[in-house]
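The values are calculated or read from the model by the stated rules, or taken from the named source; none is laboratory data. As the structure is a prediction and not an experimental result, all values here were calculated from the model. Virtual Cβ from ideal backbone geometry, glycine too; neighbours counted across all protein chains shown. These accessible areas exclude ligands, DNA and RNA; they are computed on the full protein's heavy atoms, side chains included. Shrake-Rupley method; radii C 1.70, N 1.55, O 1.52, S 1.80 Å.
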Amino acid sequence: MNVVVLGAGLVGGPMALDLAQDDDMLVTVVDKRPEALEKIASSNPQVAIVKADLSSPQAVTALVSRFDLVLSAVPGSMGFETLKAVIAAGKTVVDIAFFPENPFDLDDLAKDKGITAPEIREWPYEYKAGFSPIDVIEQYTRPARYVENGHVVVRPALTDPEFIDFPKVGTLEAFNTDGLRTLAHTIDAPKLKEKTLRYPGHIEKMLVLRETGFFDREPLEIGGSSIRPIDFTTKLLFPKWKLEQGDVDITVLRVIVEGEADGTPTRYTYELYDRYDERTGVHSMARTTGYTATVAVRLLAAGLYTTPGITPPEFLGRYDACVRFLLDGLKQRGVEFKETVDS
């Protein structure tokens, strides 16, 4: 199986190295940054590297044409057009890009092509970006969509704060972000909500920056020069948010599903606690998101899912074999979910 990984960042790099462990996987990773490619090549010379600018959809279509499977880990701002370009090439793709557009807008194109397309606490922010920092800011600015009383409701990001306790971590604050995505349309439930977690105090910091205008994209005239506030802000923030090699990051997840099972009110709770792997040097965000994507690549390569069209992750949940394959693959890499059922 000849696989190409688009993007060699904090998540793309570990995904390429993970896939390269399979004897039947020939892995190529593409990025425009020589230093990112050299880091991967030094870790595993068996991974082929290609220096290319992925911002051109036409270039992406041409580039992926010789591969069997594509794994896209580009920044969210490039995500939709990159996915469209891969589909135009007639290639099956696993995509983790955090883009704002509706992926189902590409469903007809995907079906026409017959392919399958399954996002140390240091002051002052106590946060390091485990993925594209510009996509992190999107979490604070993009309106959040959720379902209430069976209807899609739009709320500003960073709203409806609440404190939630997690074992091994303590109390975190949760706030609205636009992470529900396709679930708002594919799951028939009267209430659906997704929130992002940070250490207490993070919401207020981000609200101050947002409401002051530091995340604005309209240019301002300053001393005869035109500058977008978001460009100035990212120049200051990103060095402080950079996740360095050896920095320990933690991922916590809690999914609560409530309803009736055989007439009995029932609650299913799924929890995940994961942290930086000191043995491999792979950050938790790369483990939890990246390994999910690489296991999905293996699932497709094994022929367990062949339905044409755009496939959000929840579609795989319709098939027990797919769910078992994904959970087993993650467990083999130390990413393990705990299930609790209460009546």
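When every Cα-Cα distance of segment 227-343 is counted in 5 angstrom steps from zero, the calculated P(r) takes the values 2, 9, 14, 16, 15, 14, 12, 9, 5, 3, 1, 0 percent. For PHE166, the residues 5 or more places off, or on other chains, whose built amide H falls under 5 Å of its own are THR171, LEU172.
Charges were assigned to the Cβ only: +1 to each Lys and Arg, -1 to each Asp and Glu. The resulting dipole of the chain about its Cα centre is roughly 520 debye.
Each 10 Å bin, from zero up to the one with the longest distance, holds this percent of the alpha carbon pairs of segment 12-101: 17, 51, 30, 2. Where the centroid of each part is defined by its Cα atoms, how far is segment 244-272 from segment 157-191 in Å? The distance from the Cα centre of segment 244-272 to that of segment 157-191 comes to 11 Å. Based on a Kirkwood Rh over C-alpha pairs, give the Stokes-Einstein translational diffusion coefficient of segment 293-343 at 37 °C and viscosity 0.692 mPa s in µm²/s. The estimated diffusion coefficient comes to 274 µm²/s. For segment 91-136, the solvent-accessible area of protein heavy atoms averages 51 Å² per residue (probe radius 1.4 Å; ligands and nucleic acids excluded). May I ask what percent, to the nearest 5, of DSSP beta bridges between residues of the chain are antiparallel? Around 65 percent of the beta bridges assigned by DSSP in the chain are antiparallel ones. Note that segment 33-47 has calculated 3J(HN,Hα) couplings of 9, x, 5, 5, 5, 5, 4, 5, 4, 6, 7, 8, x, 6, 7 Hz, one per residue in order, obtained from phi through the Karplus relation 6.51 cos²θ - 1.76 cosθ + 1.60 (θ = phi - 60°); glycine and proline are x. Here the average projected area of the convex hull drawn through the C-alpha atoms of the chain stands at 18.8 nm². To put it simply, the accessible area of segment 47-174 at a 1.4 Å probe is 53 percent carbon and sulfur. Using θ = phi - 60° in the Karplus curve 6.51 cos²θ - 1.76 cosθ + 1.60, the 3J(HN,Hα) couplings for segment 259-268 round to x, 10, 10, 6, x, 10, x, 9, 10, 9 Hz; x is entered for Gly and Pro.
The distance from the alpha carbon centre of segment 87-152 to that of segment 1-36 is 20 Å, rounded to a whole number. Accessible area per residue for segment 190-343 is 59 Å², calculated with a 1.4 Å probe on protein heavy atoms, without ligands, DNA or RNA. 3J(HN,Hα) couplings calculated from phi for segment 55-69 with the Karplus curve 6.51 cos²θ - 1.76 cosθ + 1.60 (θ = phi - 60°) are, in sequence order, 6, 9, x, 5, 5, 5, 4, 5, 5, 7, 4, 9, 10, 7, 9 Hz; Gly and Pro show x. Just need the relative contact order of segment 124-256 here, percent rounded to a whole number, with Cα pairs under 8 Å and 6+ apart. Once normalised by length, the contact order is 24 percent. Note on GLU148 and ASP105: with the Förster distance fixed at 25 Å, the Cβ-Cβ geometry gives a FRET efficiency of about 0.55.
Value of Rg to Rh for segment 89-206, rounded to two decimals, is 1.03; Kirkwood radius and Rg both from alpha-carbon coordinates.
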